[in-house]
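Q: There's a structure below that I have some questions on.
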Amino acid sequence: MQDAQWDIIIAGSGLSGFTMAVECARRPFFQDKKILLLDRDAKTKNDRTWCFWATDEEAASLPPVVFRTWDSCLFFGNNFESVLNITPYRYRMIRGLDFYNWAKTTLDQYPHIHRVYANITGLNAQSGEVFTDQGNFKGQIILNSALTPVPLLPEASQLYPHPPLSPIRNPQSPIPNPQSAIPNPQSAIRNPQSPSYTFLLQHFKGYLIETPDPAFDPAVVTFMDYRLEQKGETRFVYVLPFSSKQALIEFTVFSPDLCPAEEYDAELNRYIHEFLEIRDFRVLESEFGVIPMTDFPFSPAAESKVIHIGTAGGFVKASSGYAFKRTQRKLLAFAGDWEKNGVPDPSLLRSSWRYRFYDSVMLRVLKENAVGGKEFFTGLFQKLPPSLVFRFLDEDSTFADDIQLLSAPPTWPFFKTALKQIPVLPKI
Ligand SMILES: Cc1cc2nc3c(=O)[nH]c(=O)nc-3n(C[C@H](O)[C@H](O)[C@H](O)COP(=O)(O)OP(=O)(O)OC[C@H]3O[C@@H](n4cnc5c(N)ncnc54)[C@H](O)[C@@H]3O)c2cc1C
C-alpha cells in the first residue's frame with residue numbers, strides 16, 4: 001500500500017478530512033480515483049462539540065447528525081440582556097463522535113477510499129510524499145489538515161489528551177515550501193520590517209452536568225453570557241441545555257495564553273453557583289479545547305501537490321473561532337468545482353479580502369482589548385437584528401449590511417486599529 005501511487009491523499013480525518021472524503025465518495029468524478037485517508041486516531045471518542053447557526057435550507061446540505069437545535073438564544077452583555085430572535089437561523093449542535101461515526105459508515109460503502117492509521121511526520125510538497133510511522137505514501141494531490149504549516153497552538157495545549165493539530169517539528173521533513181509566500185510568524189514578529197500578524201487563542205473548558213431537579217429550560221440556549229469578570233480579556237460562558245436536568249456549560253476565553261488549569265474549573269464552578277444558582281450537580285463529562293484565531297495568511301493555494309484544508313488552511317474564522325459551517329461550505333464548493341472542471345482550485349477555499357480585512361482588525365482590537373468582546377457583542381445585539389450579525393459572521397452580508405454593522409460597535413477604536421494595521425492589511 002505504501003508504494004502505491006494515490007490520486008488523492010487526505011492527511012487528517014477530522015472535520016475537514018472526513019468532509020472532503022465524503023464529498024469525494026459521493027461524487028461520480030472521484031469514483032475511479034484511488035483515495036487514501038490517513039489519521040493517527042481512530043476517531044472513536046466524543047472529543048468535541050460543534051455549535052453553529054444555520055437556516056433549515058443550509059442545514060439540508062450538512063451531515064444529518066444534528067444532536068440538538070434551539071430557536072431562542074439568551075445573551076447577557078454590558079448592562080443588557082435579551083432573548084435574541086435568530087429567525088431564519090436555528091442554533092444547532094453536533095457531537096463530534098456522531099459526525100465521525102456517520103462519516104465512517106458512509107465511507108465504508110466506497111471501497112476506493114482506503115483508511116490507514118498512521119502518525120504523519122512530514123509532507124513533501126514537491127514529490128507528493130507523506131511520511132508516516134507506517135511508511136511513506138505518495139500522492140498526486142495531498143489535502144492536508146493534520147500538520148499546520150506554522151505552530152498554531154502553545155506547547156501546553158499538546159497536553160490535552162487529543163492534541164488536535166500537529167505543528168511541523170521535524171526539520172528533516174517540513175513541508176518544503178521554497179517559493180511559498182507563507183512567512184514564518186515567529187520571524188515575522190521579530191523582524192520589525194515585516195508585518196505583525198495577530199495570534200490569539202480561544203480556549204475553553206466545559207462540563208456536561210446533571211442536576212437532581214429541573215434546572216434548565218431545554219428550549220433556550222445561552223449563546224453568550226458575559227457576566228463573569230473579564231480580567232482585561234474576552235471571557236464568556238455558554239450553556240447548551242439538553243434537557244431540564246442536563247446541560248453542557250462552557251467557560252471560554254479569548255487571550256494570547258492559556259489560563260492555569262485550575263482557573264477553568266474555578267470559573268465554571270463560580271458560574272454554576274452564582275449565575276445558574278445550582279448547588280447540587282454531577283459532572284458527567286468534561287471537554288477542553290483550544291482554537292487558534294489568527295490573520296496569518298495560511299494561503300490554501302496549492303504549493304505543488306499540497307493543499308491545506310481545515311484549520312491548517314485558515315478555515316477558522318479569525319475573529320470568532322467558528323469553523324464548522326465554514327468548513328462544510330468551503331469544501332462542498334471546492335469539491336463541486338473540482339468535479340466540474342477536472343482540477344482543484346484552492347483559491348475557492350479563501351475568504352474574500354473584505355472579510356479577511358474585517359477579521360484582522362477585529363482580532364487586533366480584541367487582542368489589545370481596545371474593545372472587549374463584551375462591549376463589542378453588546379453593541380451589535382443591542383442595535384442590530386441578530387440575523388444581520390449572523391449573516392455578517394457567515395460572510396454573506398451585503399455592503400449595506402456592512403455599513404450598518406460597522407456603525408454599531410464603538411467605532412473609533414476600530415478605526416484607530418485599522419490605521420495601525422495598514423502595513424499588515426495588504427499581506428493578510
Ligand atoms: C474542542 C473543540 C470544540 C470546537 N467547537 C467548535 C464549535 O462549536 N463550532 C465551530 O464552528 N468550531 C468549533 N471548533 C473549531 C473547529 O471547528 C474544529 O477545530 C474542527 O475540528 C477543525 O477541523 P480540522 O479538520 O481542521 O481539524 P480536526 O478536526 O482537529 O482534524 C485534524 C485531524 O488530524 C489528525 N492529526 C493531527 N496530527 C496528526 C498527525 N501527526 N498524524 C496523523 N493525524 C494527525 C487528528 O487526529 C485529527 O483527526 C472547535 C474546536 C475544538 C478543538
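Rule-based calculations on the coordinates, nothing more; no lab input. Only a predicted model underlies this, so the values are computations on that prediction, with no experimental measurement involved. Here the Cβ is made from the backbone with ideal geometry for all residues, glycine too, and neighbour counts use every protein chain on show.
Q: Let me have the relative contact order for the chain, percent, based on Cα pairs under 8 Å that are six or more residues apart.
A: Relative contact order for the chain comes out at 18 percent.
Q: For the range 1-67 and the range 361-377, compute the distance between their C-alpha centroids and round to whole Å.
A: The range 1-67 and the range 361-377 have Cα centres separated by 34 Å.
Q: Taking H placed 1.01 Å from N in the peptide plane, check which residues at least 5 places from Phe296 or on another chain put their amide H under 5 Å from its amide H.
A: Close amide H contacts, sequence-distant or interchain: Thr198.
Q: Looking at the square roots a ≥ b ≥ c of the eigenvalues of the Cα gyration tensor of the range 354-427, which shape do they give, rounded for a/c under 1.5, prolate if a/b is larger than b/c, or oblate?
A: Note, shape of the range 354-427 comes out oblate.
Q: What full-extension length gain, to one decimal in nm, is calculated for Ala60 and Asp265 as 0.36 nm per residue of separation minus the Cα-Cα distance?
A: The span from Ala60 to Asp265 would gain 70.1 nm if fully extended.
Q: Taking 0.36 nm per residue of sequence separation and subtracting the Cα-Cα distance, how much length would be gained by fully extending the chain between Asp337 and Lys34, in nm to one decimal?
A: 107.2 nm
Q: Something else: Name the shape class, rounded, prolate or oblate, that the alpha-carbon gyration tensor gives for the chain, where a ≥ b ≥ c are the square roots of its eigenvalues, rounded holds for a/c under 1.5, and otherwise prolate holds if a/b is larger than b/c and oblate otherwise.
A: It comes out prolate by the Cα gyration axes.
Q: Pull out the extension gain between Phe415 and Asp401, defined as 0.36 nm times the separation in residues minus the alpha carbon to alpha carbon distance; nm, one decimal.
A: Using 0.36 nm per residue and subtracting the Cα-Cα distance, I get 3.2 nm.
Q: Arranged by the count of other C-beta atoms within 10 angstrom, fewest first, what order do Glu129, Glu274 take?
A: Glu274, Glu129
Q: Which residue fluctuates the most in the chain, going by a Gaussian network model with Cα springs under 10 Å, if the choices are Pro409, Pro385, Pro241?
A: Among Pro409, Pro385, Pro241, the largest GNM mean-square fluctuation belongs to Pro385.
Q: A follow-up question, please. Rounded to the nearest 0.05, what FRET efficiency do Val116 and Leu425 have when you use their Cβ-Cβ distance and R0 = 41 Å?
A: 0.45
Q: Still on this structure, please answer the following. How much net charge surrounds Ile428 when only other residues with a Cβ under 12 Å from its Cβ are counted (Lys, Arg +1; Asp, Glu -1)?
A: That works out to +3.
Q: Classify the range 292-419 from the C-alpha gyration tensor, please: rounded if a/c falls under 1.5, else prolate or oblate depending on whether a/b exceeds b/c.
A: prolate
Q: Net charge near Tyr100: determine it from the other residues with C-beta under 11 Å of the C-beta of Tyr100, scoring Lys and Arg +1 and Asp and Glu -1.
A: Surrounding charge for Tyr100 is +1.
Q: Top mean-square fluctuation among Leu143, Leu349, Leu284, Gaussian network model of the chain, C-alpha springs under 10 Å?
A: Leu284
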